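The values are calculated or read from the model by the stated rules, or taken from the named source; none is laboratory data. For clarity, every value in this text was computed on a predicted model and none was experimentally measured. Please note: Cβ atoms are built from the backbone with ideal geometry, for glycine as well, and neighbour counts cover all protein chains shown. Keep in mind that these areas ignore ligands, DNA and RNA; they rest on the heavy atoms of the full protein, side chains included. Shrake-Rupley method; radii C 1.70, N 1.55, O 1.52, S 1.80 Å.
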Amino acid sequence: MTVVADSAIPFLEGVLEPWAEVRRLPGAAITAADVADADALIVRTRTRCDEALLGGSRVRLVATATIGFDHIDMDWCAANGVRVETAAGCNARGVLQWVAAVLVHFARRQGWQPAEKCLGVVGVGHVGALVKAYAESWGFRVVCCDPPREAREHCGFLPLEEVARQADLLTFHVPLDDTTRHMADAALFRIMKPGAVVINSSRGEVVDGMALLACGLACALDVWEHEPHLDAGLLAHAELATSHIAGYSEQGKATATAMAVQAVARTFGLPLGGWYPPAAAPSVPRPVGWPELCGSIGSAFDVEAETRRLKACPGDFERIRDAYAYRREYF
């Protein structure tokens with residue numbers, strides 16, 4: 001069998017080669033000719049997987065080492081017998097720790113304690129559920145919005161507009177689709193508290209960047225519309241600004257690769273079902289209190305240094321992102 005894989009996916013070298021020919025190519029440069037005789041693809045967001053790429057190929061599986069799938073034409077794949085596997089949840093704790101760094105930053109700069117603030121969480125899936133649980137343990141009052149989960153489970157989640165009205169800090173953890181594109185728009189910003197903070201580490205297009213800039217609310221952004229081409233005004237306005245690296249932890253990347261390998265193993269009957277990169281130590285989740293978090297998050301992830309790096313060289317967004325040294329998860 002033949003596997004085409006994004007050459008930037010870590011921990012993959014030598015894993016599948018005993019059973020497959022593996023061609024490693026830059027993700028953005030993978031073409032229809034490259035995949036014509038491939039059985040499986042292992043990709044990231046840089047590879048658009050649709051009819052233009054896959055039509056006429058023998059590809060049976062697209063495994064993306066990402067939580068998102070907006071780079072994959074899911075309808076076309078379903079209609080044409082191409083199985084799609086994502087790495088949902090792989091980097092949830094990495095994103096949690098990015099959010100934690102953001103919260104600590106604003107607490108210090110604005111001089112508050114968690115018990116004084118309401119955190120709004122939009123999207124209560126793998127990431128949002130972790131943010132909710134830890135934020136509540138830190139003392140925040142947490143209100144949540146997740147219409148699909150609310151319809152299924154009747155969790156008591158609130159409509160987006162009500163969450164926005166109550167939140168002192170509003171953080172987004174939703175996939176990008178037709179229901180979430182620009183869900184944070186001028187109308188939503190108008191009903192938020194004057195001193196509220198908008199936090200986005202999901203997908204850039206979830207937030208209308210020009211509306212956010214115009215409303216003047218403080219913000220912390222890891223994701224941007226039109227990446228890697230950042231709007232200069234929005235970048236200058238953002239108090240915290242990082243290069244789409246919220247989930248770039250060593251364990252998150254290792255888990256994503258493991259999930260992609262396991263998807264290939266399931267589909268093609270390879271003996272790799274429990275494989276995990278031996279070079280990476282799995283994270284050990286544990287509770288962490290607010291005082292410990294405030295004293296330790298800076299050494300684990302310096303969000304202010306990452307902000308300075310991006311603001312100094314906004315034209316180097318992809319280089320900064322690709323050169324980022326994966327951090328270790330510590331809770």
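Worth pointing out:
- Legend: P(r) of the stretch 218-331 from all alpha carbon pair distances, 10 Å bins from 0, whole percents, reading 12, 33, 29, 20, 5, 0.
- Overall shape of the stretch 101-167 was characterised from the C-alpha gyration tensor. The equivalent ellipsoid obtained from it has semi-axes of 23, 12, 9 Å, in decreasing order.
- Heavy-atom surface of the chain, accessible at 1.4 Å and reported per residue (Å²): 41
- Packing-based ranking, highest mean first, of 241-247, 104-110 given that Cβ atoms within 10 Å are counted: 241-247, 104-110
- Rounded tilt (10° steps) of 126-138 against the dominant C-alpha axis of the chain: 30
- With a cut-off of 13 Å between beta carbons, the residues surrounding MET1 carry a summed charge of -1, where Lys and Arg count +1 and Asp and Glu -1.
- This model, with +1 at the C-beta of Lys and Arg and -1 at the C-beta of Asp and Glu, gives the stretch 246-309 a dipole about its Cα centre of some 240 debye.
- Most mobile listed residue (SER283, SER299, SER202) in the chain, GNM with C-alpha springs under 10 Å: SER299
- Angle between the chain longest axis and helix 250-268 axis [Cα atoms, degrees, rounded to 10]: 40
- The convex hull built on the alpha-carbon positions of the chain has an orientation-averaged projected area of 16.6 nm².
- Largest GNM mean-square fluctuation among GLY269, GLY209, GLY89, using the chain with Cα springs under 10 Å: GLY269.
- A dipole drawn for the stretch 112-227 from +1 and -1 charges on Cβ atoms has a positive end, and of VAL121, ASN200, THR179 the residue lying farthest that way is VAL121.
- Relative to the dominant Cα principal axis of the chain, helix 290-300 is inclined by about 50°.
- Heavy-atom accessible surface of the stretch 1-140: percent carbon and sulfur, 1.4 Å: 50
- Amide H contacts for GLU329 (H built 1.01 Å from N in the peptide plane; partners 5 or more residues away or on another chain; cut-off under 5 Å): GLU250, GLN251.
- Residue-averaged 222 nm ellipticity for the chain, from DSSP H runs of 4+ at -39500 (n - 2.57), nearest 500: -10500 deg cm²/dmol
- Structural descriptor for the chain: relative contact order 15 percent, calculated from alpha carbon pairs under 8 angstrom and at least 6 residues apart.
- Computed in the context of the full set of protein chains, the accessible area of the stretch 216-331 at 1.4 Å probe radius has 57% of its extent on carbon or sulfur.
- Of the GluC sites (Glu not before Pro) found in the stretch 1-76, the ones in coil according to DSSP and having at most 16 other Cβ atoms within 10 Å of their Cβ are GLU13.
- Phi-derived couplings, Karplus 6.51 cos²θ - 1.76 cosθ + 1.60 at θ = phi - 60°, listed residue by residue for the stretch 66-83: 9, 7, x, 9, 6, 8, 10, 7, 5, 5, 5, 4, 4, 6, 10, x, 9, 6 Hz, with x used for Gly and Pro.
- Coupling constants for the stretch 231-244 follow from the phi torsions by the Karplus curve (6.51 cos²θ - 1.76 cosθ + 1.60, θ = phi - 60°), and in residue order they are 6, 4, x, 5, 4, 5, 6, 4, 5, 10, 8, 10, 9, 6 Hz; glycine and proline get x.
- Springs join every pair of Cα atoms under 10 Å in this Gaussian network model of the chain, and among ALA115, ALA265, ALA186 the largest mean-square fluctuation is at ALA115.
- The per residue volume of the convex hull around the alpha-carbon atoms of the stretch 127-200 is 97 Å³.
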